[in-house]
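A quick write-up on the structure given underneath.
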Amino acid sequence: MNKLNIPEINISIFGFLFNFVWEIWQAPLFKSMDGLTHFEATIQCTRATLGDVVILLVAFWIVALIARSRHWIFYPKTFQVLGFIAIGVVITVVFEAIAIHVLHRWQYATVMPTLPILGTGLAPIFQWLIIPPIIISMMRRRG
């Protein structure tokens, strides 16, 4: 079996590439990025991207358990796509809340639009509404 046909490999590669670009683009929306050197900011974005890939894989595996197949992503049903996205959004909202309010790992800049009640940034949420469908589309082409 060709290792490039393993869903997790493809999700990880596509996920890293798209999420890294997203992390770089949304960096100005984080106050904690102020004053970092280019190298330090790149490291921060790389760490965030690796976390994004983990979230993608967890969401993928949860849907795979429900679908009873790791190959669901090559021929996804609507509820699987929605589940994949929803799981990513929920994990992101929880992690953002913990990172900001409990661990104080980062802060949003004043230009970051946030959800009214939860205070979660809209950029991280849009990330999970935009990137997973792109990844699924690319995976369908591979399937």
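The values are calculated or read from the model by the stated rules, or taken from the named source; none is laboratory data. Just so it is clear, the structure is predicted and the values come from calculations on it, not from any experiment. In this analysis, Cβ positions are derived from the backbone assuming ideal geometry, glycine residues included, and neighbour counts consider all displayed protein chains.
Couple of notes before you dig in:
- Condition met for Gln107 (touching a Ser or Thr at 6+ places or on another chain (Cβ under 6 Å) and among the polar types (S, T, N, Q)): yes
- Condition check for Leu115: surrounded by fewer than 17 Cβ atoms within 10 Å (Cβ to Cβ), in contact with a Leu (Cβ under 8 Å, 6 or more places away or on another chain), farther than 19 Å from Ile136 by Cα and not acidic (Asp, Glu): yes
- Subset of region 1-53 that is of a type in the set (D, E, K, R) and over 13 Å from the mean Cα position of the chain (by Cα) - its residue that is surrounded by the most Cβ atoms within 10 Å (Cβ to Cβ): Glu8
- Check on Leu29, under 18 Å from Arg142 (Cβ atoms) and not acidic (Asp, Glu): no
- The set of residues from region 71-85 being surrounded by fewer than 16 Cβ atoms within 10 Å (Cβ to Cβ) and either modelled with pLDDT of 95 or more or touching a Phe, Trp or Tyr at 6+ places or on another chain (Cβ under 8 Å) (or both) comprises Lys77, Thr78, Phe79, Leu82.
- Hey, Ile24 in contact with a Gly (Cβ under 8 Å, 6 or more places away or on another chain) and assigned to a helix (DSSP H, G or I) or not: no
- Summed over region 115-143, the residues that are outside any helix (DSSP H, G or I) and within 17 Å of Thr49 (Cβ to Cβ) give a count of 1.
- Comparison of Ile62, Ile66, Ile91, Ile55 shows that the only residue that is hydrophobic (A, V, I, L, M, F, W, C), under 16 Å from Pro133 (Cα atoms) and at pLDDT 95 or above is Ile55.
- Subset of region 86-112 that is of a type in the set (Gly, Ala, Ser) and assigned to a helix (DSSP H, G or I) - its residue that is surrounded by the most Cβ atoms within 10 Å (Cβ to Cβ): Gly88
- The set of residues from region 74-109 being in contact (Cβ under 8 Å) with a residue 60 or more places away in the chain and among the hydroxyl-bearing types (Ser, Thr, Tyr) comprises Tyr75, Tyr108.
- When residues of region 27-41 are limited to those that are in a helix (DSSP H, G or I), closer than 19 Å to Ala99 by Cβ and not aliphatic (A, V, I, L, M), the one modelled with the lowest pLDDT: Ser32
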